[in-house]
Structure formats: C-alpha cells, structure tokens
Amino acid sequence: MVMRQQTSPKFRIRPCIRPIEQRDIFAITKIYALYVETSYATFETTPPDAKEMGERIKKLNENNYPALVAVASAGEGGGEQKNAAQAPADDVMGYADVMGYPEVMGYAYAAPYKARNAYRYTIEDSVYVKKCYLKRGIGKALLEALIAEAAKRGFWQMIAIIGKREGEGSIRLHEALGFRVVGTAVGIGFKFEQLVDVVYMQKKLDNTIDDSSRKAEESI
C-alpha cells in the first residue's frame with residue numbers, strides 16, 4: 001500500500017535506489033510506524049519494532065522478493081553523505097540513519113499476494129515515503145524500480161491493495177505506472193473507528209509468459 005499525504009509543491013528529487021540493507025532497518029521502522037499510527041495506508045494498528053522489521057525484510061530476501069530503499073544521492077536530501085563502507089557491520093538496529101549515513105527517504109517491497117502455491121508468480125507491492133519527502137517523486141521512483149526488479153526476478157503480476165480513504169494519491173501513482181483498477185471491496189477494513197473500502201489494482205509485468213509456456217513450465 002502507498003500513502004501520499006497532501007503537501008505543498010516541492011522540487012523533485014532523484015534518489016539513489018538500492019536493496020534494503022541492515023543499516024536501513026531503524027530508519028524504515030520509523031517511517032512505517034508513522035503510517036501505522038496516523039494513516040489508512042496500512043491496516044496494521046501496532047507498529048513493529050526494529051527487530052520484527054528486520055525479520056520481515058530478511059524473510060523477503062531469503063525468498064527472492066525485492067525490497068528496496070531510496071536514499072539521498074550526493075547533493076540531495078538532508079542527510080550527510082558518508083562512505084557506505086564505514087557503516088558498522090554489527091548495526092543490528094540500523095542506527096546508520098541517525099549517525100550521518102545517507103538519509104533514508106522511503107522504501108518499497110514486494111511480498112506474496114497469497115500463500116497458496118498457485119499464486120506464486122503474483123506479488124503485492126508496498127511503498128512508504130518519509131513524510132518530508134512526499135510529492136517529490138520518491139514514491140514513483142521506488143515503484144518503478146520495484147516493478148523492474150520484480151519482472152527481472154520472474155514474477156508475472158503485481159497487485160496493489162489500497163485503502164480508499166485518503167488513498168487517491170496512491171491510486172493515481174499506480175495508474176501512472178500502468179496499473180488498472182480491478183475491483184473495490186466495500187467496508188472490509190476498520191481503523192480509527194472508520195470502515196475503509198479497499199481498492200484492488202493490477203499490473204501485468206513485462207516478462208509475463210503466454211498460456212502455452214505456462215503449461216510447459218507446469219509440466220517440468
């Protein structure tokens with residue numbers, strides 16, 4: 001899910017996008033906690049701690065699901081730039097974000113759409129951007145990179161599941177990158193004492209094979 005809050009127009013930023021590393025965990029935990037506590041972008045109601053977030057990212061990596069982070073490039077953002085090699089190797093909690101390493105502006109990942117094996121080529125995207133960097137192109141850059149990486153890893157379809165309340169920006173972002181609305185489930189979420197509709201969007205990834213190839217793959 002993506003949450004893009006209303007802000008005044010700001011200059012666009014071209015972030016450096018790379019795989020999430022251990023030193024990013026503390027920063028992405030803080031970013032996500034704000035969405036859990038203040039928005040409908042996620043239906044979690046209790047923010048996970050850094051240890052739990054680290055385990056989630058580790059599990060994604062172990063199962064070939066892409067997990068990306070947007071960090072400040074040279075001359076971008078407010079974070080002081082230091083050599084990544086200087087980050088402490090045992091930085092379990094990801095304190096690099098508060099030690100002057102490149103500032104984390106947002107992150108994105110793809111996870112299984114459903115656990116049943118027949119869904120194994122379909123994934124669900126999630127994108128979260130630090131509040132001060134909303135409306136600067138960070139979410140789009142992350143989602144574009146996530147789509148490309150997911151296709152490269154052999155996934156066929158990407159699903160976006162978006163809380164409709166306050167979700168207009170997320171819907172527009174996904175539409176701009178080729179997603180289409182495939183349905184709306186009414187009132188299936190309940191957060192902040194409000195019923196929330198959920199919009200389902202879908203994108204066919206560029207490497208999707210045809211039905212005959214699928215049948216051949218299944219026979220192997």
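The values are calculated or read from the model by the stated rules, or taken from the named source; none is laboratory data. The structure displayed is predicted, hence computed values, not measured ones. Ideal geometry is used to build each Cβ from the backbone, glycine not excepted, and the neighbour counts take in all protein chains shown.
Output yes when any residue across the stretch 5-16 is modelled with pLDDT of 95 or more, part of a loop (DSSP other than H, G, I, E, B) and either surrounded by fewer than 21 Cβ atoms within 10 Å (Cβ to Cβ) or of a type in the set (Lys, Arg) (or both), and no when none is.
Among the residues of the stretch 5-16, not one is modelled with pLDDT of 95 or more, part of a loop (DSSP other than H, G, I, E, B) and either surrounded by fewer than 21 Cβ atoms within 10 Å (Cβ to Cβ) or of a type in the set (Lys, Arg) (or both), which makes the answer no.
Which one is farthest from the chain's Cα centre (by Cα) among residues in the stretch 43-64 that are under 25 Å from Val198 (Cα atoms) and touching a residue at least 60 places away in the same chain (Cβ under 8 Å)?
Among them, the one singled out is Thr45.
Would you point out the residue of the stretch 194-220, among those that are modelled with pLDDT under 95 and in a loop (DSSP other than H, G, I, E, B), that is surrounded by the fewest Cβ atoms within 10 Å (Cβ to Cβ)?
Ile220
Does Lys82 satisfy the condition of being under 17 Å from the mean Cα position of the chain (by Cα) and modelled with pLDDT under 95?
Criteria not met by Lys82.
Suppose we filter the stretch 106-131 for residues that are of a type outside the set (Ser, Thr, Tyr), in a helix (DSSP H, G or I) and free of Cβ contacts under 8 Å to residues at least 24 places away in the same chain; how many remain?
Result for the stretch 106-131: 2.
Search the stretch 90-105 for residues being assigned to a loop (DSSP other than H, G, I, E, B) and either surrounded by 15 or more Cβ atoms within 10 Å (Cβ to Cβ) or basic (Lys, Arg) (or both), and hand back the single one that is modelled with the highest pLDDT.
Glu103
Suppose we filter the stretch 28-55 for residues that are small (Gly, Ala, Ser) and more than 24 Å from Ile161 (Cβ to Cβ); how many remain?
Restricting attention to the stretch 28-55, the residues satisfying the condition of being small (Gly, Ala, Ser) are 33, 39, 41, 50, 54.
Restricting the remaining residues to those that are more than 24 Å from Ile161 (Cβ to Cβ) gives 50.
Here the count works out to 1.
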